[in-house]
1. Would you check if residue 66 is more than 30 Å from residue 216 (Cα to Cα) and basic (Lys, Arg)?
2. Looking at (1) part of a loop (DSSP other than H, G, I, E, B); (2) closer than 28 Å to residue 297 by Cβ; (3) at pLDDT 95 or above, can you tell me which one residue 104 breaks?
3. Quick check on my filter: what residues within region 75-100 are under 18 Å from residue 292 (Cβ atoms) and not hydroxyl-bearing (Ser, Thr, Tyr)?
4. Among the strands (runs of 3 or more DSSP E) confined wholly to region 1-101, which include 1 or more residues that are crowded, with 18+ Cβ neighbours inside 10 Å and in contact with a His (Cβ under 7 Å, 6 or more places away or on another chain)?
5. Just for region 238-263: of the residues that are of a type in the set (Gly, Ala, Ser) and surrounded by fewer than 24 Cβ atoms within 10 Å (Cβ to Cβ), which one is modelled with the lowest pLDDT?
6. Restricting to region 104-118, name every residue that is surrounded by 24 or more Cβ atoms within 10 Å (Cβ to Cβ) and hydrophobic (A, V, I, L, M, F, W, C).
7. Which ones in region 205-246 are assigned to a loop (DSSP other than H, G, I, E, B) and touching a Phe, Trp or Tyr at 6+ places or on another chain (Cβ under 9 Å)?
8. Please work out which residue is nearest to residue 58 (Cα to Cα), limiting yourself to region 249-274 and to residues that are in a helix (DSSP H, G or I) and in contact with a Ser or Thr (Cβ under 7 Å, 6 or more places away or on another chain).
Amino acid sequence: MYNSPYETLACRAYNLNPIIKSLNTSLIEGNLTCAKLGDKTFHEVYLLTPLDKETPLFAHPITMERNGIEINVIDARGLIRVGKDDSSDFRVVQKADYNFQVARTILMEVAKNNSPDDIKNIGDIAVVSFARYIADNIVRRLGLSPEDQAVITAITAFYYLCLFREEGPVDEREFNKMVEKVSRVTHLSATWIFERFPDPFVLTNISEYSQALADLVDSSRTNEINSAVLISFLGGGWFGANGRENMAVALEHPPTFLAMVYIALTDKSYRNAGVSRTVLLNDKNNLGKQFIVNFERLIKLSGD
């Protein structure tokens, strides 16, 4: 699993060295403070406060070392206000964007320190929404058939589950478990899935996913799809600062997409975002409520 947004296709070309160098200076000068959500403080998640006037802007959490310990730093200069001289005395002025940034960074920490499975199992509404948001957009843009839509939905659900894996091939036992999960969340029969995908496969990034659409969907139109086309199809699915880039990151970075699902379920100002509309449409049988409870419990267990 990509732990950092800067491992994804959308962000891996960025040169972070000048920013990290400036962040180290800012850390010494006391311009960073620990993130908070509710009554919890997170000592491995830091906020770059408005007291810093020099560091270049950055859109995603940056991982760096402090006293031999990895920390993640969020550029919160547009999200909070601080007292004149005290970086720890801050108030949030952009609640949705702040919650999104802090929550996804905490999920990155959980996945790194514990297991990606801890965040994968927050709730089924995430995989359902991921699969349907992407599949529905592709089908609409390319004018594909209902059969093609079912195939793309299944491939996309497989891709989502693969994003949480470590590198390496998938064996038959693991693939069978994935088929069971995909069948349950998409309501496609396991028999139907096995007929179309008889051999185990792994999709670890957006490039491999794009190629799978071309190889496994019985339509010449999917040959037009590549990573850049997919990002252009799906990039408008999120609001807020750097919304298009965050959406591109979410296609390969589970903590980012999971944070989107949480914001979609809890913040009315985001309800018209494309991802949010899909999440809310699939919030049935208490899936959303279960996701919120599990998400918030995991966040609270990670703080002090």
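The values are calculated or read from the model by the stated rules, or taken from the named source; none is laboratory data. Note that the coordinates shown come from a computational prediction; the quantities given were computed from them, not determined experimentally. Cβ coordinates were reconstructed from backbone atoms using ideal geometry, including for glycine residues, and neighbour counts include every protein chain displayed.
1. yes
2. For residue 104, the exception is condition (1).
3. Correct list: 95, 96, 99, 100.
4. It comes to none.
5. Applying the first criterion (of a type in the set (Gly, Ala, Ser)) to region 238-263 yields 240-241, 243, 248, 250, 259.
With the extra rule that they be surrounded by fewer than 24 Cβ atoms within 10 Å (Cβ to Cβ), the set shrinks to 240-241, 243.
Numbers: 240: 82, 241: 79, 243: 94.
Of everything passing the filter in region 238-263, 241 is modelled with the lowest pLDDT.
6. Result: 106, 107, 108.
7. Matches in region 205-246: 205, 225, 238, 239, 240.
8. Per the stated criteria, the residue is 249.
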